[in-house]
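Comments concern the structure below.
The values are calculated or read from the model by the stated rules, or taken from the named source; none is laboratory data. Not measured: the values here are computed from a predicted model. Every residue, glycine as well, gets a Cβ built from its backbone with ideal geometry; the counts of neighbours run over all protein chains shown.
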Amino acid sequence: MSLIQNAVDSIANGLSDFGSKDRKRIISAVRNIHAGILLLFKEKLQRLSPKGSNDALIKERIVPVIGPKGRVFFVGKGRKTVDVRGIQERFTSLGISVDWKRFERVNTIRNDIEHYYTAIHPDAIRKMISDTFILIRDFIKNELEEDPLEILGQQNWKKLLEVSEVFDVEFKESRDVIDSIDWKSDALTEAMQEVQCNECGSPLLLPVARAGGIKPALRCKSCGEEREFEDYGEAAIKGMYEGVNFRSIKDGGEELTTTCPHCFRDAYIVDEERCAICGESCEHVCSRCGNRIPVSELSDGDICGWCQHMWEKMMAE
């Protein structure tokens, strides 16, 4: 069976399972739709693989071989296919366009549902399907150069469209209220676009005013769970910067966020020079040597680690 047919079958099975109230089938829906998207991606790589290369671009291992005329070319080896990271790298190299931010949301929801949430609410799945609708449509149309309706079939296409449209109305209502709040931080404003319920994974959250509170709490429209600003704000910042911080450190740079020395939340935004939760700032230039204080040494003081060390050494003598 072809990759494209496997992709359509996976998406169709996922949509069928989505309508069930059985927890196992809901998990199956997530797995199938996520798998269907990856199969669409691999279909593109297979189409671009040179003839006689054993579908090199979808294989995890690509090895050089010498052809009959002494020419070196590359072929795929083994049965294992490329993973998500490998697909991203090859798509980037080949100039293939994918809304990776949207895919990451789908991927995160899939991972969270499988590994973290004990209670799975259908709204979390609806969010994923809403995201995948545009992702699937655009990829089939723009990269595979096919008609999404023809490829997926009328029944699957209609079901994807219905789920997406209904959810988008509710999602927009929630996000419009969240967007109207002045979060006092560009980073937090952006991070709040991805906030979701800690209990059920639903993104349908509404602010709830607190007497004397600096920022509102959030109540989940799906399960009723309420979470205070300090908790969901920190989680939103950590979620947005986790991958960015990892890549920055891997490339020899510094983290873009750190733990605030004032409120001890992991929400201090280095570029903004303030904490997105408590609003407090740190001194970023050492008052003794005039050098920039490294991110890892930011504190409620005004000197860098080296000057602090030298001062302590001098005091001990």
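I'd like to check something: does segment 11-23 contain any residue that is within 30 Å of residue 223 (Cβ to Cβ) and in contact with a His (Cβ under 7 Å, 6 or more places away or on another chain)?
Within segment 11-23, none of the residues are within 30 Å of residue 223 (Cβ to Cβ) and in contact with a His (Cβ under 7 Å, 6 or more places away or on another chain).
Among the residues of segment 3-15, write down those that are touching a residue at least 12 places away in the same chain (Cβ under 8 Å) and either of a type in the set (S, T, N, Q) or not in a helix (DSSP H, G or I) (or both).
Those that are touching a residue at least 12 places away in the same chain (Cβ under 8 Å) and either of a type in the set (S, T, N, Q) or not in a helix (DSSP H, G or I) (or both): 6, 10, 13.
What do you reckon, is residue 206 over 15 Å from the mean Cα position of the chain (by Cα) and either part of a loop (DSSP other than H, G, I, E, B) or surrounded by 17 or more Cβ atoms within 10 Å (Cβ to Cβ) (or both)?
For residue 206, the condition - over 15 Å from the mean Cα position of the chain (by Cα) and either part of a loop (DSSP other than H, G, I, E, B) or surrounded by 17 or more Cβ atoms within 10 Å (Cβ to Cβ) (or both) - is not met.
So, residue 77, is that one part of a helix (DSSP H, G or I) and either within 30 Å of residue 50 (Cβ to Cβ) or among the basic types (Lys, Arg) (or both) or not?
In short, no.
More than 21 Å from the chain's Cα centre (by Cα), crowded, with 16+ Cβ neighbours inside 10 Å and assigned to a helix (DSSP H, G or I): which single residue out of 178, 151 fits that description?
151
Tell me yes or no: at least one residue of segment 100-112 is under 30 Å from residue 167 (Cβ atoms) and loosely packed, with under 13 Cβ neighbours inside 10 Å.
The answer is yes, given that some residue of segment 100-112 is under 30 Å from residue 167 (Cβ atoms) and loosely packed, with under 13 Cβ neighbours inside 10 Å.
Give just the number: which of (1) of a type in the set (Gly, Ala, Ser); (2) at pLDDT 90 or above; (3) under 19 Å from residue 157 (Cβ atoms) does residue 29 not satisfy?
Exception for residue 29: condition (2).
Among what's in segment 258-313 and is in contact (Cβ under 8 Å) with a residue 40 or more places away in the chain and in a strand (DSSP E or B), pick the residue that is farthest from the chain's Cα centre (by Cα).
Restricting to residues being in contact (Cβ under 8 Å) with a residue 40 or more places away in the chain and in a strand (DSSP E or B), the top hit is 274.
Among (1) touching a Lys or Arg at 6+ places or on another chain (Cβ under 8 Å); (2) within 30 Å of residue 147 (Cα to Cα); (3) surrounded by 16 or more Cβ atoms within 10 Å (Cβ to Cβ); (4) modelled with pLDDT under 90, where does residue 60 come up short?
Going through the list (1) touching a Lys or Arg at 6+ places or on another chain (Cβ under 8 Å); (2) within 30 Å of residue 147 (Cα to Cα); (3) surrounded by 16 or more Cβ atoms within 10 Å (Cβ to Cβ); (4) modelled with pLDDT under 90, residue 60 breaks only (3).
Kindly evaluate residue 222 against the criterion of being assigned to a loop (DSSP other than H, G, I, E, B), touching a strand residue (DSSP E or B) at 6+ places or on another chain (Cβ under 6 Å) and either in contact (Cβ under 8 Å) with a residue 12 or more places away in the chain or surrounded by 14 or more Cβ atoms within 10 Å (Cβ to Cβ) (or both).
no
Out of all the residues in segment 91-127, which are at pLDDT below 90 and small (Gly, Ala, Ser)?
Once the filter is applied, which keeps residues that are at pLDDT below 90 and small (Gly, Ala, Ser), segment 91-127 yields 119, 124.
Quick one: in segment 189-225, of everything that is over 17 Å from residue 171 (Cα atoms) and among the hydrophobic types (A, V, I, L, M, F, W, C), which residue is modelled with the highest pLDDT?
217
Which condition breaks for residue 169 when tested against (1) aliphatic (A, V, I, L, M); (2) surrounded by 13 or more Cβ atoms within 10 Å (Cβ to Cβ); (3) closer than 26 Å to residue 239 by Cβ; (4) at pLDDT below 85?
Looking at each condition in turn, residue 169 falls short on (2).
Name the pairs whose Cβ atoms lie under 6 Å apart, with the first residue in segment 171-194 and not assigned by TED's automatic domain parsing to the domain that holds residue 122 and of a type outside the set (Ser, Thr, Tyr), the second surrounded by 13 or more Cβ atoms within 10 Å (Cβ to Cβ) and assigned to a loop (DSSP other than H, G, I, E, B), and 6 or more positions between them or separate chains?
Short answer, once both residue conditions are applied: 187/276; 188/276.
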